[in-house]
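The values are calculated or read from the model by the stated rules, or taken from the named source; none is laboratory data. Please read these numbers as outputs of a predicted model, since none were measured by experiment. Every residue, glycine among them, receives a Cβ derived from its backbone with ideal geometry; neighbour counts consider all protein chains shown.
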Amino acid sequence: MEPYDSGDAAGLRAYADELRDAFFRMQEEIPALHERARTLQVTERSPDGLISATVGARGDLVRLDIDPRVYRRPDSRHLADTITTTVHKAAATARQQVVEIFAPLIPAEHMKAHLDGDLDAVLEQMTARLPGER
């Protein structure tokens with residue numbers, strides 16, 4: 001949707017129609033997209049293949065698998081770092097997949113700002129769409 005020229009009544013009507021159509025489209029399609037995102041799970045493996053982490057759409061850890069071969073090298077710091085890195089990689093992949101799921105209806109930069117909890121970016125994006133002086 002393109003911002004409209006506030007001095008152009010036809011442009012304002014077209015913009016309002018576009019917003020209305022987008023709203024109805026979202027109303028119809030969002031439930032199915034939400035369900036896809038809600039049930040999303042992503043599994044990533046560590047580079048050595050000994051750690052496998054599965055996360056949900058919000059990056060919450062759902063499952064952690066540790067190959068028993070990790071005990072051949074008793075380095076708890078390395079193990080902890082590998083687990084953390086693998087979980088973060090899975091969470092980042094899940095986040096990107098959520099953005100992709102909603103891409104047909106919500107621009108990626110808007111969705112990323114919402115997922116990041118970046119209120120300033122969300123408000124800035126909304127303000128950029130408003131008519132008049134900013």
**Prompt:** For L50, which of the numbered conditions (1) closer than 30 Å to A128 by Cα; (2) surrounded by 16 or more Cβ atoms within 10 Å (Cβ to Cβ); (3) touching a helix residue (DSSP H, G or I) at 6+ places or on another chain (Cβ under 7 Å); (4) not basic (K, R) fails to hold?
**Reply:** (1)
**Request:** With the checklist (1) over 30 Å from A22 (Cα atoms); (2) surrounded by 13 or more Cβ atoms within 10 Å (Cβ to Cβ) in hand, flag the one item Y71 doesn't pass.
**Result:** (2)
**Message:** Residue under question is V98, and the condition is that it be touching a residue at least 40 places away in the same chain (Cβ under 8 Å), aliphatic (A, V, I, L, M) and outside any loop (DSSP other than H, G, I, E, B); does it hold?
**Reply:** yes
**Fill in**
Filtering region 101-132 for residues that are small (G, A, S), in a helix (DSSP H, G or I) and at pLDDT 85 or above leaves a count of 2
